[in-house]
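Visitor: My structure is below; once you've seen it, I'll send some questions.
The values are calculated or read from the model by the stated rules, or taken from the named source; none is laboratory data. All figures in this text were calculated on a predicted structure; none of them were measured in a lab. Glycine gets a Cβ as well: all are built from the backbone with ideal geometry, and neighbour counts include every protein chain shown.
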Amino acid sequence: MLKANLDHVRKLVDEACERSGRDASEVTIVAVSKTKPEEAIMELYEAGHRDFGENYIQELRKKHDDLPKDIRWHMIGHLQRNKVKYIAEYIHLIHSVDSYALAETIDKEAAKHNRIIPILIEVNVGGEESKFGVTPEETTALVEQISHLPNIRIEGLMTSAPYVEDPEEDRACFANLRDLSVDIDSKKIDNVKVNALSMGMSNDYIVAVEEGSTMVRVGTSIFGARDYSK
């Protein structure tokens, strides 16, 4: 069941890549497993999937401790500075860095484990007050400031587009983030690679891929609707 869902998502990603003249291998599907049981993760793991996204530190820590160590864990939710120490040793990628203070904490915790932690800068392209992220206008300056920290490496940008009934309405949001990434990359800032664009979720990942996304964060379309009452 879950493998079939994942296969369907991959098929739609492949088709979106074909329409936009891209290689499908450029796009990583991050299966968003927050609130989902470890058995569901293992079902996908046994089918060969390794990239999983979590929003909550306590849940992520337990799953990391219980599940195979070659899983690539992505922190996709808002990250508080005092929680960084709990994931610094093993986190594969942090998608949600939106301040120098947070980056500085990640850098310090990474140093304790002799690691360089890859991060993405979260950009609030849609300008929604309810969402985290820096404005597009602030992004380049933040990238330049963070680039001097030795134990983290900026890999790209992330955004969460506004939720809309018609995903076509988010196309401009994704295109704007892609254009911003190209602009930052052209500046050739030391210690910065803008290869990754984390954009697109279950309702809009097809449009996001057509506009250049290299990571889609897909939960509901793979695992089904979430029950937050438990």
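Visitor: For segment 53-90, what are the residues that are touching a Leu at 6+ places or on another chain (Cβ under 8 Å) and among the hydrophobic types (A, V, I, L, M, F, W, C)?
Guide: I57, W73, M75, L79, V84, I87
Visitor: Report, by residue number, each residue of segment 135-159 that is touching a residue at least 40 places away in the same chain (Cβ under 8 Å) and farther than 30 Å from H113 by Cα.
Guide: P136
Visitor: Pairs only if they're at least six apart or on different chains, beta carbon under 7 angstrom, first in segment 74-96 and touching a residue at least 12 places away in the same chain (Cβ under 8 Å), second among the hydrophobic types (A, V, I, L, M, F, W, C) and assigned to a loop (DSSP other than H, G, I, E, B); list them, first residue then second.
Guide: What qualifies is M75/I87; M75/I91; H78/F132; I94/L79; H95/I76; S96/I76; S96/L79; S96/F132.
Visitor: Also, quick follow-up: Criterion first (buried (at least 24 other Cβ atoms within 10 Å of the Cβ) and hydrophobic (A, V, I, L, M, F, W, C)) does I71 satisfy it?
Guide: Spelling it out, it is not the case that I71 is buried (at least 24 other Cβ atoms within 10 Å of the Cβ) and hydrophobic (A, V, I, L, M, F, W, C).
Visitor: While we're looking at this one, here's another question. Kindly indicate the residue of segment 181-206 that is in a helix (DSSP H, G or I) and under 17 Å from the mean Cα position of the chain (by Cα) and also nearest to T139 (Cα to Cα) among those meeting that condition.
Guide: The qualifying residue nearest to T139 (Cα to Cα) is S181.
Residues checked against (1) at positive phi; (2) modelled with pLDDT of 95 or more; (3) of a type in the set (K, R):
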position: G126; (1), (2), (3): no, no, no
position: K131; (1), (2), (3): no, no, yes
position: A172; (1), (2), (3): no, yes, no
position: N195; (1), (2), (3): no, no, no
position: S213; (1), (2), (3): no, yes, no
position: G219; (1), (2), (3): no, yes, no
position: R226; (1), (2), (3): no, no, yes
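Residues checked against (1) touching a residue at least 60 places away in the same chain (Cβ under 8 Å); (2) assigned to a strand (DSSP E or B); (3) of a type in the set (G, A, S):
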residue: A4; (1), (2), (3): no, no, yes
residue: K11; (1), (2), (3): no, no, no
residue: E18; (1), (2), (3): no, no, no
residue: S25; (1), (2), (3): no, no, yes
residue: E39; (1), (2), (3): no, no, no
residue: G53; (1), (2), (3): yes, yes, yes
residue: E59; (1), (2), (3): no, no, no
residue: K62; (1), (2), (3): no, no, no
residue: D70; (1), (2), (3): no, no, no
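Visitor: Quickly run through segment 80-121 and pick out the residues that are assigned to a loop (DSSP other than H, G, I, E, B) and closer than 21 Å to T214 by Cβ.
Guide: I91, H92, D98, I116
Visitor: Same structure, new question: Which count do you get for residues in segment 27-37 that are closer than 25 Å to R171 by Cβ and either assigned to a helix (DSSP H, G or I) or not aliphatic (A, V, I, L, M) (or both)? Before you say what the answer is, go through the steps one by one.
Guide: Step one: filter segment 27-37 for residues closer than 25 Å to R171 by Cβ, giving 27-32.
Okay, now just the ones that are also either assigned to a helix (DSSP H, G or I) or not aliphatic (A, V, I, L, M) (or both), so 28.
Counting residues in segment 27-37 that are closer than 25 Å to R171 by Cβ and either assigned to a helix (DSSP H, G or I) or not aliphatic (A, V, I, L, M) (or both) gives 1.
Visitor: While we're on this one: Here are L157, L149: which of them is outside any helix (DSSP H, G or I), under 26 Å from V27 (Cα atoms) and in contact with a helix residue (DSSP H, G or I) (Cβ under 8 Å, 6 or more places away or on another chain)? Break it down into steps so the answer makes sense when it comes.
Guide: Values: L149 fails: under 26 Å from V27 (Cα atoms).
Step by step, each of L157, L149 is checked, and only L157 is outside any helix (DSSP H, G or I), under 26 Å from V27 (Cα atoms) and in contact with a helix residue (DSSP H, G or I) (Cβ under 8 Å, 6 or more places away or on another chain).
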